[in-house]
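The values are calculated or read from the model by the stated rules, or taken from the named source; none is laboratory data. Bear in mind that the values here come from a model prediction, so they are computed numbers and not experimental data. Counting neighbours? That spans all protein chains shown, and the Cβs are built from the backbone with ideal geometry, glycine included. Side chains included, ligands, DNA and RNA excluded: accessible areas come from the protein's heavy atoms. Shrake-Rupley method; radii C 1.70, N 1.55, O 1.52, S 1.80 Å.
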Amino acid sequence: MSRIGIIGAGHGVFGRRSDATVQELAFEAFRAALEDGGIDRDRLDATVIAAVPEYHKQRSVAGVVQEYLNLNPRPTWLTEVACASGSAAIRTAWMAIQSGLHKVVAVIGCQKMTELSTPEILALMGRVGEVQWESVLGTTFPGYYAMFATRHMHEYGTTREQLLEVAVKNHHYGSMNPNALFKKEITMDKALASDPVASPFCVYDCCANADGAACLILADEDTATSVAGDRTVWLDGVGCATSSMSVLRRPELTGLPSAQHASKTAYEMAGVTERDIDVAEVHDCFTIAEIMAYEDLGFCAKGDGGPFISDKRSYIGGDVAVNVDGGLKAKGHPIGATGVSMAYEIVNQLRSESGDRQVPDAEVGLTHNVGGIGQYTFVHVFKRS
């Protein structure tokens, strides 16, 4: 297989974007990616749009975005695997280029999460599991992850304070990110005093919905080398795996089997191990999700995720810097855009273009993007030019 490189990356501001349609959000990130790559839209062969249609009032999101960006009649299509849609789009573009069908493909993750009412959002969240057996019991995203947290606390002694250390860290780095929804640091006392959501979670254990978009431009090896040169970031490992829709049929409740399998594939393809990862973006939809990711990705032993965060081993200067853009927790979670946003951060880190949040001498980066409650996980490994 040849190498596939990222030659352009763009990102919009995440938040309650009542000032913009989904097309305008997509354009914001798309224009930034073209400018970053120093290329014209005429170089593009195709686009892959990542979005979850249920959250949009606009149907056929890929079509309206493609038209708004003046990219017709090039091919476009939509990828949707819940919260992992952005990483699925990146993988799809990687495969399209690897096959030889296209040379340059733009990936755009875009989502309007604030157009629907709270009852409408809750109704969608209630269908996250296996509808026939679990969703009828009233299970939701917070409910499932609260169950994971309770089991992790029972088996390994993980504490409420260790869970909320994730929030404190991610808000610390989010305060430095101009694209983040939340740009203020929080204290442990403030986090512990926030309102309950689903035991043991309180408000600060949970990420927030947001509107936003991010864009990457992928290219074949020859094009990447000629266009971006040393600024190219290579996508050398693409791992994807699935787990049962029902958590009742999974072997454990303290980790995601799909993440464990996907990371193994990505490490092997990229020729690295977990010890080679300098900076990672992991799917911290809830605080326990980041702690489980430390373990599923091999950054620490099973059950050691709590001490890993409390000992600051996931801060810049620790074993591996995790979510130093604020993660979903502080940056926000516009679900179709999240996986692309993760990759955007890794691209900037490997180019040494992250300012005050820069991980020194970062050479290998990773993204870990989970769909639903672990039904799908995508793990991607990136390397410097």
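Screening D311 against (1) more than 19 Å from the chain's Cα centre (by Cα); (2) free of Cβ contacts under 8 Å to residues at least 40 places away in the same chain; (3) open to solvent by less than 30 Å² (accessible area, probe 1.4 Å) leaves a single unmet condition, (3).
When restricted to residues that are open to solvent by less than 20 Å² (accessible area, probe 1.4 Å) and within 18 Å of the chain's Cα centre (by Cα), segment 235-256 contains 7.
Look through D19, D36 and report the one residue that is assigned to a loop (DSSP other than H, G, I, E, B) and acidic (D, E).
Result of the check over D19, D36: D19.
The residue pairs whose first member lies in segment 28-51 and is more than 21 Å from R351 (Cβ to Cβ), whose second member is open to solvent by 50 Å² or more (accessible area, probe 1.4 Å) and of a type in the set (S, T, N, Q), and whose beta carbons are closer than 9 Å, counting only pairs six or more residues apart or on different chains, are R41/N70. Are any of the residues in segment 43-56 open to solvent by 10 Å² or more (accessible area, probe 1.4 Å) and either touching a Pro at 6+ places or on another chain (Cβ under 7 Å) or closer than 20 Å to Q98 by Cβ (or both)? The answer is yes; a qualifying residue exists.
Each residue in segment 203-226 was checked for being surrounded by fewer than 23 Cβ atoms within 10 Å (Cβ to Cβ) and over 22 Å from the mean Cα position of the chain (by Cα), and 6 pass.
Taking segment 213-258 as the range and being closer than 29 Å to I97 by Cβ and either of a type in the set (D, E, K, R) or free of Cβ contacts under 8 Å to residues at least 24 places away in the same chain (or both) as the test, the residues that pass are D220, E221, D222, S226, D230, R231, D236. Here W94 passes the criteria (1) under 18 Å from V340 (Cα atoms); (2) in contact (Cβ under 8 Å) with a residue 40 or more places away in the chain; (3) in contact with an Asp or Glu (Cβ under 9 Å, 6 or more places away or on another chain) except the one numbered (3). Restricting attention to segment 69-83, the residues being closer than 13 Å to I108 by Cα and either charged (D, E, K, R) or not in a strand (DSSP E or B) (or both) number 3. Against the conditions (1) open to solvent by less than 30 Å² (accessible area, probe 1.4 Å); (2) aromatic (F, W, Y); (3) farther than 20 Å from D220 by Cα, where does Y68 fall short? Just the number, please. Of everything listed in (1) open to solvent by less than 30 Å² (accessible area, probe 1.4 Å); (2) aromatic (F, W, Y); (3) farther than 20 Å from D220 by Cα, Y68 misses just condition (1). Quick check: anything in segment 356-365 surrounded by 24 or more Cβ atoms within 10 Å (Cβ to Cβ) and among the polar types (S, T, N, Q)? Checking segment 356-365: not a single residue is surrounded by 24 or more Cβ atoms within 10 Å (Cβ to Cβ) and among the polar types (S, T, N, Q).
Across segment 192-199, a minimum of one residue is classified as in a helix (DSSP H, G or I), more than 18 Å from the chain's Cα centre (by Cα), modelled with pLDDT of 95 or more and more than 22 Å from R357 (Cα to Cα). Among residues of segment 3-23 being open to solvent by 70 Å² or more (accessible area, probe 1.4 Å) and over 21 Å from the mean Cα position of the chain (by Cα), the one that is nearest to A270 (Cα to Cα) is R3.
Report the residue count in segment 336-355 for those that are outside any loop (DSSP other than H, G, I, E, B) and either open to solvent by 10 Å² or more (accessible area, probe 1.4 Å) or at pLDDT below 95 (or both). Before the answer, list the steps.
Within segment 336-355, the subset outside any loop (DSSP other than H, G, I, E, B) is 336-350, 355.
If we keep only those that are either open to solvent by 10 Å² or more (accessible area, probe 1.4 Å) or at pLDDT below 95 (or both) too, we end up with 344, 348, 355.
Within segment 336-355, residues that are outside any loop (DSSP other than H, G, I, E, B) and either open to solvent by 10 Å² or more (accessible area, probe 1.4 Å) or at pLDDT below 95 (or both) number 3.
Could you please let me know if T158 is buried (at least 21 other Cβ atoms within 10 Å of the Cβ), at pLDDT 95 or above and of a type outside the set (D, E, K, R)? It is true that T158 is buried (at least 21 other Cβ atoms within 10 Å of the Cβ), at pLDDT 95 or above and of a type outside the set (D, E, K, R).
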